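Note sheet for the following structure.
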Amino acid sequence: ASTRFESACEVCRRRCHIMFRAILLLALACSALAFAPSSSGAVARSRHDERTSLRMSDEAGLPPVTKERIQTLVDENPVLLFMKGSKLFPQCGFSNTACQILQSYGIDFESVDVLADEDIRQGVKVFSQWPTIPQLYVCGEFIGGSDIMIEMYQSGELGEMIEKAKAEM
């Protein structure tokens with residue numbers, strides 16, 4: 001059963017990486033089209049770009065109230081994990097991995113169950129500009145998801161950040 005679970009997690013991880021790469025390529029393609037030289041050699045920018053740049057978060061589905069709630073959570077908690085489930089009962093393998101990594105440091109971190117609040121679940125993706133959950137914030141800085149946490153844990157970089165956060169607690 002363990003092997004089957006690990007295989008399923010690996011499939012999910014690959015799908016997430018493929019999705020992220022596709023989004024990145026699409027974003028690069030869109031920006032290339034938006035700033036492509038016109039026949040006169042000038043860079044094409046529409047008035048729409050100029051008018052919507054300040055309203056991007058509203059159009060992306062992040063109401064100001066939700067943005068403020070997320071910002072308050074990030075500001076008030078030195079180590080914050082947006083996850084599926086709770087740190088006592090994670091509801092996905094990636095969230096469980098993220099919890100285990102943080103628990104290995106013996107730090108009392110705050111977690112937010114995105115499954116309990118759809119506004120937060122969708123809003124945090126827009127807020128961080130990162131498409132997947134879990135999402136870790138340390139000292140107000142977005143770190144990334146479980147894959148990035150694993151890499152930083154293995155390199156020791158996450159431990160240094162956690163020590164800094166412990167000092168601020």
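Brief remarks on what is shown
- Region 135-146, residues that are over 11 Å from the mean Cα position of the chain (by Cα) and within 18 Å of GLN100 (Cβ to Cβ): VAL138
- In summary, GLN100 fulfils each of the numbered conditions (1) closer than 17 Å to LYS166 by Cβ; (2) surrounded by fewer than 16 Cβ atoms within 10 Å (Cβ to Cβ) with the single exception of condition (1).
Table: residues versus (1) open to solvent by 50 Å² or more (accessible area, probe 1.4 Å); (2) modelled with pLDDT under 95; (3) under 15 Å from the mean Cα position of the chain (by Cα).
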| position | (1), (2), (3) |
| --- | --- |
| ASN96 | yes, no, no |
| ILE107 | no, yes, no |
| GLU110 | yes, no, no |
| ASP113 | yes, no, yes |
| VAL124 | no, no, yes |
| ILE133 | no, no, yes |
| MET149 | no, no, yes |
| SER155 | yes, no, no |
| GLU168 | yes, yes, no |
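- Odd one out for GLY85 among (1) closer than 19 Å to ILE148 by Cα; (2) open to solvent by less than 10 Å² (accessible area, probe 1.4 Å): (1)
The values are calculated or read from the model by the stated rules, or taken from the named source; none is laboratory data. Keep in mind the model is a prediction, meaning the values are calculated, not measured. Please note: Cβ atoms are built from the backbone with ideal geometry, for glycine as well, and neighbour counts cover all protein chains shown. The accessibility values were calculated without ligands, DNA or RNA, using every heavy atom of the protein model including side chains. Shrake-Rupley method; radii C 1.70, N 1.55, O 1.52, S 1.80 Å.
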